[in-house]
Structure formats: structure tokens, C-alpha cells
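Report on the structure given below.
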Amino acid sequence: MLCTVYKSPRKEQTYLYVERRDDFSAVPEALLKSFGTPQLVTVINLASRQHLALADLAKVKQQLKDQGFYLQVPPPVENLLAEHKAQQLKQN
């Protein structure tokens, strides 16, 4: 299963996977608008992959099959202050 990966010029570490190069017909217009003009990163064969760097391979394949695209967003930023406060509350 081949797919094409694009990065967002507006949102750091945000990637859009589509089944065919330059075919964004399955991607909602509002998503494309907020994503910005997609910038080609690579074409990959998902069938020959064991894993992906920051995405669940099975989830990517399933969403490509079901909706025609997969959106990879960066992991949430850790809130160290909130974690520290939660630890302080546990200790008290």
C-alpha cells in the first residue's frame, strides 16, 4: 500500500497522509484550509513497513482505507508545572 506524506507549512510536526500523490479529494476543505498548502515529504510503501516514527502503522492504514487520509499531529506538550503541582498534592 503506497501513500504520500505531506507536511504543513503552518503547523509544526503536522503531516497529512493520502493514498495518491496530490489527490486531496478525501480531505475535508476546512482541514486543508487550516493545514495550509501541503508540502511533499515522501512516498512510502506501508506494506513493507514494520512501524512508523510517530504514528501507529495499523491506524494509518485503517484511516487511509476508511476515510482516504490520515492526519498526524504532534504529541501534546508536557505541562511540567501541572505535574509538579499534582505530585505536591499527593505528598500532602
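Read the figures in this text as sums done on the coordinates, not as results from a lab. Note that the coordinates shown come from a computational prediction; the quantities given were computed from them, not determined experimentally. Because the Cβ atoms are built from the backbone with ideal geometry, glycine has one as well, and the counts that use them run over all protein chains shown.
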* Asked: Out of all the residues in the stretch 47-59, which are of a type in the set (A, V, I, L, M) and either loosely packed, with under 12 Cβ neighbours inside 10 Å or within 18 Å of Asp22 (Cα to Cα) (or both)?
  -> Ala47, Ala53, Leu54, Ala58
* First in the stretch 67-92 and in contact (Cβ under 8 Å) with a residue 12 or more places away in the chain and closer than 16 Å to Val5 by Cβ, second anywhere and of a type outside the set (A, V, I, L, M, F, W, C) and assigned to a strand (DSSP E or B), Cβ under 6 Å, 6 or more apart -> Tyr70/Tyr17; Gln72/Tyr15
* To do: Could you please give the count of residues in the stretch 25-38 that are touching a residue at least 24 places away in the same chain (Cβ under 8 Å) and either over 15 Å from the mean Cα position of the chain (by Cα) or surrounded by fewer than 13 Cβ atoms within 10 Å (Cβ to Cβ) (or both)?
  => 5
